[in-house]
Structure formats: C-alpha cells, structure tokens
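First the structure, in the form of structure tokens, and then the observations on it.
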Amino acid sequence: MSSLDAALAGTRFQSYLYAYPHKTAYRRIEPALPLGPLWQHERRDALFLYLHVPFCEQRCGFCNLFTRPVPPSELIDAYLGTLARQVAVVRRALDEGGAFAFARRAIGGGTPTLLDARQLEQVAALFLQMGARTDTPMSVETSPETALPDRLAVVVAAGADRISMGVQSFVDAECKAVNRPQKAADVHLALRAIRDSGVATLNVDLMYGLPGQTAETFAYSMRAALEYRPEELYLYPLYVRPLTTLGRKGAAAVDQHRVALYEQGRAMLAEAGYRQISMRMFRRVDGPDGDHAPVYCCQDDGMVGLGVGARSYTRAVHYSSEWAVGTHGVRDIIDRWVTKTDAELGVADYGFVLDDAEQRRRWLILSLLSDDGLDLATYRARFASDVATDFPELAELGAFVTTTPTTMRLTADGLARADAIGPWLASDAVRARMEAFDLK
C-alpha cells in the first residue's frame, strides 16, 4: 500500500486542513522576533486583518476552537482592554515599514456577537485604529442565539459585508446529540434577522455525519438552508477530536454513509446553482459578483492576527499565542494573555519559522486544495523551479489530479479527499511536530 493509499484509508475523515503548517506544529520562538522588522519587507498592499474573540455562549461537543464559554463580564472587559493595547503596539510595528493597506478583515471566534452592541462598537473602532477603511470588506461570525438585530446593525454599519453562522443542522435531535441545544425555530429567526440586516453575503455552515442523521434528515437541513439562498454554504464532516466534549465522552464519529451524505450535499448544491470552491466551500454563482467574487489568497497575502488565539502569517514566520482545547488550558492561556505587557505584545514568540522548502510546500498545499488549483507559472516565478520537480510525490495522485500546461488542480474526486491529501503532503518535520504536540 502506498503512502497515499494509507492516507486515504486512514484519514479521509479525520481533520480539517485550512492552514499550513498546522497550529500543533507551532513551538516557542527563541529569541522572540520584534514585529516591526518581521513585517517590514513583506508585501503590504493587501493584508488580511483578523480579530479573535475567544468567547461563546456554549461549547459544542465537536468544537476544538480556541474559545471559553460563558466568560465573566470582568474578563471580557479585561480582554478588550488588552486588545486595545495590542492594536496600538501592532499598528506602531506596521508603521515602521511605511505604507500598508488591508484588503479584507474579519472577526472570528468563538462567537463575536456574544459581545453586546456597545462592546462590538469598541471592536469596530479598533479596526479603524489599525488603519482599515470602513469600506474594507469584513466578515463576522455569529450564532443562532446571538444574531440579534442590534448587534447585527453594529457590525453592518461598521462595514460587514459577510455574516457567517454555524447552523450544523435544522433537526433539533441531531444538534442535541452533539451538545448543541439550539432549536430550529431560533435558527430561522436568526437567519431572517441576518437577511433583514441587509448584509450582502450570508454564509451557512452545515454538518454531515451527525449521530442519527440520515439521507432524509440531511436533505431536510439542506433544503431549509437553501430557502434563504445563502451566497455561500460550507459542508463540514463531523470529527471527534481529543479534549472536545464528544472526545471526552468517548464518542465515535459516524462514518457509515458519510461519503454518501457528502456526495448528496454536493449534488444538491450543484443543482441549486452553487459552484464548489474547495472540499467544503460552495458559492452561489448568481450571488454578488457571481462566479468571480474575491477569495483571500493566503498563499501570497499576509495576515495580521489580533487577540489571543489569532494567528498571523508572514512569508517566513507564522505566529500566534499558545493553543489549547481543554477548558483549563484555554482559561490559563486567556488569563495570562490579558496581563501581557506592551513589550510582550510586540514580539512573535510562539509559532513556526518556514524555510524555503516549507514555503514551497505551503504554496502547493493551499493552492491545490482550492478549485482554482496551482498556477504553474506563478509557482515557477516565485520559487524559480517546477512544482513537479520539487514534489515528485505528486505523481502518486494519479486520477485525483489533472494538469494542463498552465494549471494543476484536483478533480472533483480529489477535492472530496482533500482532508487526506492535505496532511499527506505535509513535510516529515511538520508531521513529527504535530505528533509530539502536548495538547491541553
């Protein structure tokens, strides 16, 4: 059995790969790197500005995001205070390199709309202090419980053109099975509130492989979501990972019929007029800007992350705060972060330094896992070599990849296996770090 066959057999439905290297490959950076010099020679005309809110109203059973449920009000106030100090420090660091501009911005979490309207106004003001314009496109995460009209009005007034909500299922019993006690009636209220807010792009997340889910119930959730004509829709498989609520309970992911559910969802979306962008992402072709709506190019554009749990990407250094999943680990990191000094906020002291080989591998993976695929000339111009020479293992992909004189891209069957192909392409060094990571 080849290494690819083993990957396809063992990890097709194990984890998402939305960044490379994975955060479990991050370690302490010594000596710490001052942010000013780190960003000085980066491309600075199309940065992504990301702000992380590590709080939510509940912890779903499958969630391994960096978030703390039901935070005390004094912790939220302390967090926003430290965040404001970080903004001032990072802005000064960016200013050292001269002019810069943001192409996109986002507020993620956690659940940013757990913050009340006044607190969301504080956050919106921080974007302006960082130098983002009010017309810079902005995405905001929300939830059925917190998508309230007054909070939505704040973020839309601040420039949000995209609001994303994790629905997962419109079947109450399926949500309850993964420790998500939402009611479908509340989901519909929230979706109507988002539509009433006037935001240009609504994104809905749905899950497949939930306990008790059938082809009929999944189709029901798909039809319920499509009633709102979301401009984007993501399909996520259920993964059960260590230290999550489901993981602690010893639950097992339901693999039976999951491939069929994915194919069912993909077919329904194609019939409804959606184009597949990646394994998970589908975009409505007749939505804003149709088939040509911009997608952030994380291979080429730097990301400035603010807040504990946020990651920042330069070409050669990825950095963040520490990461945990368990309740105590997350609380400890947040409690220490809110007491950081300005000097500590002004350096990259935890992350991953990418040498030339890892930069090439990152470009390959993130390009190949999207529908646009890898532009061969762009790769050659950036790295002065051919991707097939740098990565002879690509030949093993066989029927899962198609190559033209200009582009290498995954086939539809290849995209469906992206969660195996992505980790399979990781370097031995990154894989070893991930396996040795002490998850807390």
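Rule-based calculations on the coordinates, nothing more; no lab input. If you're wondering where the values come from, they're calculated on a predicted model, not measured in any experiment. Quick reminder, even Gly has a Cβ in these numbers, built from the backbone with ideal geometry, and neighbours come from all protein chains shown.
On the Cα set of region 1-125, report Rg and Dmax in Å, please.
Using the Cα atoms of region 1-125, the pair Rg, Dmax is 18.7, 58 Å.
Would you mind working out the magnitude of the charge dipole of the chain relative to its Cα centre, with +1 at each Lys and Arg C-beta and -1 at each Asp and Glu C-beta, to the nearest 20 Debye?
On the way: 48 positive and 54 negative charges, 110 e Å.
So the dipole magnitude of the chain works out to roughly 540 debye.
Tally Lys and Arg at +1 and Asp and Glu at -1 over the other residues with C-beta under 11 Å from the C-beta of residue 132: what net charge comes out? If you can, show how the numbers build up before the last one.
On the way: positive: 91, 104, 105, 133; negative: 135.
Summing Lys and Arg as +1 and Asp and Glu as -1 gives +3.
Within straight cross-link reach of residue 23, meaning Cα distance under 26 Å, which lysines are found once same-chain residues fewer than 8 apart are removed?
Candidates past the 8-residue exclusion: 249, 340, 440.
Quick one: what are the phi-derived ³J(HN,Hα) couplings along region 172-180, Karplus 6.51/-1.76/1.60 with θ = phi - 60°, whole Hz, x for glycine and proline?
Computed from phi, the couplings for region 172-180 are 4, 5, 5, 5, 4, 5, 10, 6, 10 Hz.
Please rank 262, 18, 220, fewest neighbouring Cβ atoms within 10 Å first, as an exposure proxy.
18, 220, 262
Counting just the Cα atoms, what span does the chain cover along each of its three principal axes? Round to the nearest Å and put the largest first.
55, 51, 44
Restricting the calculation to Cα positions, tell me the Rg (one decimal) and the Dmax (whole number) of region 356-435 in Å.
According to the Cα coordinates of region 356-435, Rg and Dmax are 12.2, 37 Å.
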